[in-house]
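Presented below is the structure to which this report refers.
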Amino acid sequence: MISRYRRRRLLNAFNLTMAVLATAFGLFWLVWILWTTIRFGAGAVNTALFTQDTPAPGASGGGLRNAFVGSLILLGMAVAIGAPVGVLAGTWLAEFAARRRLGAVVRFLNDILLSAPSIVIGLFAYAIIVDPSGRFSAYSGGVALALILIPVVVRTTDEMLRLVPGSLREAAIALGTPYWKLVTRITWKAAASGILTGILLGIARISGETAPLLFTALNNQYWSTDLGHPIANLPVVIFQFAMSPYTNWQSMAWAGAFIAVAFILLLNLVARMLLGRRRPRA
Amino acid sequence: MPVKVTAQRSAAAGGSRLSLDVLFRKFTGAIALLVTLSLAGILIALTRESWPALHRFGWHFLISTAWDPVSDNYGALVFIVGTVVSSVIALLLAIPVSFGIALFISEMAPRWLREPVSAAVELLAAIPSIIYGMWGLLVFAPWFGNLEPWINDHLGAIPWLGALFQGPPMGIGMLAAGIVLGVMIIPFIAAIMRDVFLVTPQALKESAYAMGATTWEVARYVILPYTRTAVTGGIFLGLGRALGETMAVTFIIGNANNLSASLLMPGSSIASVIANEFTEATTHLYKSALLALGLILFVITFVVLVLAKLLLLRLDRMEGRRA
C-alpha cells in the first residue's frame, strides 16, 4: 500500500512539475521573440526611418516612411469599410436575432470566417478586385484587410451588446422609444467601450497581416498615396527586407518589426484596459 | 439577454415609426447576411479562378507531385503533404504544452497569478505571423541548426523512425517550421482548455479530492473526461490555424518543391508556395494552379473549423449555464 501511495504521489509531483515547465516553456518563447525584436529593432530605429523612403537594393541609408504611410492608409481603409459593416452586422445578431435559428447560423459562419486563413482572404480579394481591374492596387489591399477585420468586430459587437441588461431596453420601450432609436442611442452607448475594443483588437490583428497584401496592395519602393496603384506597406517590406541578403535591409526589417510589435502590444493593452474584466473570447 | 420585442408591437403607436424600425432591422440583417455570404463568395470566386487548372488536371491534380512551371504541369500533393506534416508536428508540440499551461492556470496557480499568465500566453497570439517568420529565419533556425547534428546522431539512429531525422543541419526545414507553428497555436488551444477547465463544476472536482485523489488524478480522471469534447474542439481550432498559417512557414520551411522522407529537409506547404510564387506566376495556368491550391486550403480549413466549432458549441452551453 505504501508503495502505491508513493507512486501516486510521485506521478502527481512529476506531472504537476511538467505543467509548470510547460507554462515556463510557453512564456520562454514569448520572452525570446520579444527580446530579439527589441534587441535588433530598438537600436535600428532612427529619424531617417521616418523621413526617408525604402532604399534601392544595395544602396545605403533610406527609411521606411512610405511603408508606414502606406500601412496607415491601408488600415484606415480597412477600418472605414470594416468597422461600420461589422458593427451593423453584430447589432443585428444581438438585437434582432439573439434567439433565432438564422442568427445562430450567421454567428457560426462568422466564427468560421474569423479563423479562416488570411491568405485565402487575400486570394479572394485578388479574384474579385485585382483580376477584373487588371492591376494590383491599394484599395484591393484595404478590402482584403477589411474582410479580416469584419468578423472580429461582428463578434465583439454581438457579445458586448448582449451584455447590455434587458431592463435598459425595457425601460426605453416603456417610454415609447422606437427600436432603432433604442439601439442607436441607448444600447450602442452602453456597449460603446466594448465595441471600440473590438475594433481596436481587429486593428491589432490586421496591422501585422502580410499574406493577403502579397496579392493585393503588393509593394512599392517609392512614395505613393495613389489608391489605384500598388502601395508600400510595412508587413510586405519587412518580408522582403528580412529575406534579403543585405544587412542594412535586415536591420531596417528589425526596426519595422519592433515598431509593428510595439504598436500591436499597445493596442492590446489599451483594449484590455478599456474592457477590464468583461473580456470576450477572441 | 435582450428582451424579444417584435417590431410590430413597438410600432403600434405610429406608421412612420414602423417603417424606420423595419428598415433598421432589414438593413442590419442584410449586412449580416452579406458578411456570411462572403464565405460562399470565397468558394465561388476561388473555384472560378482555379477552373483552368482543375479542368486541365482533374482529380489528378490532388495526387500529382509534379510542380513544373516550365512545362506547365502542376500537382498539389507535395504541398498538401507539407501542410499536413507541418501541422501535425505543430499539434504534437502544442497539445501537451497547452494542456500543461491550462492545468497550471486552472488548478495550480494562485488566483493572482492566473490573469497575468493567461494574458502573457495570449500575447503569443497577438504577435504577427511575419515576426514569427523573421525571428524563425534569423534567430531560431541558426540556433536549431546547431541542435540538428545531435538529433541526427540520436533520433536518427532509431530503427524505422530514424529516417525522419536524418539530413544536413540547415536549421530551416519541415521540423523547424512545425515547431514554430506549434508555438503559434499554443495560445489558441491553451485558452480554450483553460476556459473549459475553469467551468468544470467545483463539486465534481471536490468530490474527487475528498476521495483522496491527487491533483493530477483529478485532472486526468475528472476534468479531462468532463471537458473532452471542448478540448477536442480547441485542438481542431488550433489545427485550423496551423493549416492556413502562411508567413512564418514561408520563412522557415525551406521552400523545396519536392517530398523528402526526412523532417530535417526543406519542404513546402500550400500557403508557403502561394506566398512565394504568386507574383512570379506568369502563365495563366500557373496562376490558376496556385489559386486551385488556395481553394484546396480553404476547403480543408473550412471542414476542420466547422468540426471545431461544432465541438465547441458545448463550451458555449456550459458557460451559458454558469452565467
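The values are calculated or read from the model by the stated rules, or taken from the named source; none is laboratory data. All figures in this text were calculated on a predicted structure; none of them were measured in a lab. Don't worry about glycine lacking a Cβ; one is built from the backbone with ideal geometry, like all the others, and counts go over all protein chains shown.
Restricting attention to the stretch B:206-252, the residues that are surrounded by 17 or more Cβ atoms within 10 Å (Cβ to Cβ), more than 19 Å from the chain's Cα centre (by Cα) and not in a helix (DSSP H, G or I) add up to 3.
With respect to (1) at pLDDT below 95; (2) within 14 Å of chain A (Cβ to nearest Cβ), the lone exception for B:L155 is condition (2).
Taking the condition of being more than 11 Å from every other protein chain (Cβ to nearest Cβ) and either basic (K, R) or closer than 19 Å to B:T250 by Cα (or both), how many residues in the stretch B:76-119 meet it? The number of residues fulfilling the criteria is 17. Filtering the stretch B:255-296 to residues that are among the charged types (D, E, K, R) and within 10 Å of chain A (Cβ to nearest Cβ) leaves only B:K287.
The number of residues in the stretch A:188-214 being surrounded by fewer than 24 Cβ atoms within 10 Å (Cβ to Cβ), within 12 Å of chain B (Cβ to nearest Cβ) and without any contact (Cβ under 8 Å) to a residue 40 or more places away in the chain comes to 1.
If you take the residues of the stretch A:127-178 that are among the charged types (D, E, K, R) and surrounded by fewer than 17 Cβ atoms within 10 Å (Cβ to Cβ), which of them is farthest from the chain's Cα centre (by Cα)? Lay out the reasoning, then the answer.
Our first condition is that a residue be among the charged types (D, E, K, R); within the stretch A:127-178, this holds for A:131, A:135, A:155, A:158-159, A:162, A:169-170.
Pick out the ones that are also surrounded by fewer than 17 Cβ atoms within 10 Å (Cβ to Cβ) and you get A:135, A:170.
Numbers: A:R135: 26, A:E170: 35 Å.
By that ranking, first place goes to A:E170.
Does the stretch A:217-231 include one or more residues that are in a helix (DSSP H, G or I), touching a Leu at 6+ places or on another chain (Cβ under 9 Å) and modelled with pLDDT of 90 or more?
Step one: filter the stretch A:217-231 for residues in a helix (DSSP H, G or I), giving none.
No, the conditions are met nowhere in the stretch A:217-231.
Do we have A:R65 as among the basic types (K, R), within 30 Å of the chain's Cα centre (by Cα) and either at the interface with chain B (Cβ under 10 Å from one of its Cβ atoms) or at positive phi (or both) here? Steps first, please.
Working: among the basic types (K, R): yes; within 30 Å of the chain's Cα centre (by Cα): yes; either at the interface with chain B (Cβ under 10 Å from one of its Cβ atoms) or at positive phi (or both): no.
For A:R65, the condition - among the basic types (K, R), within 30 Å of the chain's Cα centre (by Cα) and either at the interface with chain B (Cβ under 10 Å from one of its Cβ atoms) or at positive phi (or both) - is not met.
For beta carbons closer than 8 Å, sequence separation of 6+ or different chains, a first residue in the stretch A:1-20 that is over 20 Å from B:A190 (Cα atoms) and a second that is assigned to a helix (DSSP H, G or I) and of a type in the set (S, T, Y), the qualifying pairs are A:N12/B:T215. State all residues of the stretch B:21-77 that are in contact (Cβ under 8 Å) with a residue 60 or more places away in the chain, crowded, with 16+ Cβ neighbours inside 10 Å and among the hydroxyl-bearing types (S, T, Y); if no residue qualifies, say none. Answer for the stretch B:21-77, where residues must be in contact (Cβ under 8 Å) with a residue 60 or more places away in the chain, crowded, with 16+ Cβ neighbours inside 10 Å and among the hydroxyl-bearing types (S, T, Y): B:T47, B:S50, B:Y74.
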